[in-house]
1. Go through region 15-38 and report how many residues are modelled with pLDDT of 95 or more and over 10 Å from the mean Cα position of the chain (by Cα).
2. When you look at Leu11, is it in contact (Cβ under 8 Å) with a residue 12 or more places away in the chain and touching a strand residue (DSSP E or B) at 6+ places or on another chain (Cβ under 9 Å), yes or no?
3. Give just the number: which of (1) buried (at least 17 other Cβ atoms within 10 Å of the Cβ); (2) free of Cβ contacts under 8 Å to residues at least 60 places away in the same chain; (3) hydrophobic (A, V, I, L, M, F, W, C) does Trp24 not satisfy?
4. Given (1) in contact with a strand residue (DSSP E or B) (Cβ under 6 Å, 6 or more places away or on another chain); (2) over 22 Å from Ser8 (Cβ atoms), identify the lone condition not met by Val60.
5. Given the conditions (1) over 20 Å from Met2 (Cβ atoms); (2) hydroxyl-bearing (Ser, Thr, Tyr); (3) loosely packed, with under 13 Cβ neighbours inside 10 Å, report the number of the one that Tyr71 does not fulfil.
6. Name, by its number, the condition in (1) under 10 Å from the mean Cα position of the chain (by Cα); (2) more than 17 Å from Ser87 (Cβ to Cβ) that does not hold for Glu58.
Amino acid sequence: MMTNKKLSKVLKALTDENRRLILWFLQKRELCVCEFEQLLPISQSTISIHLRMLSDLELVDFYKEGRWVIYQQKKNQDVEVNNILASVSSAMDSEAQYKDQLVKLKMVCKDNLC
């Protein structure tokens, strides 16, 4: 069961649009930082800071593949966290403003940047 302190930290993390996008993208597929650079209007160092925060909250996992670090949505999270993330993802899926983001994601996947 999630503590109130962790719940507060997760909800605070979700107040940032870029972190919500990172989590939303990772629900679609695994990505590396260079792919996030193509998807988000922020620098590589800022992306890394967001990813570290999400990793510290146990919302994302990563593994190394050669010199690349690949990020993915964390599996086996608290039920409460899963419910929150599913609700956020569902809301983003239904918003017209995120349709362009899905097109960008498909292009990044197609370009195979890494």
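1. 3
2. Judged against the criteria, Leu11 is not a match.
3. Unmet condition: (2).
4. Of (1) in contact with a strand residue (DSSP E or B) (Cβ under 6 Å, 6 or more places away or on another chain); (2) over 22 Å from Ser8 (Cβ atoms), only one is false for Val60: (2).
5. Here Tyr71 meets the rest and fails (3).
6. (1)
The values are calculated or read from the model by the stated rules, or taken from the named source; none is laboratory data. Since the structure is predicted, the reported quantities are computational estimates derived from the model, not experimental observations. So basically every Cβ, Gly included, is an ideal-geometry build from the backbone, and we count neighbours across all protein chains shown.
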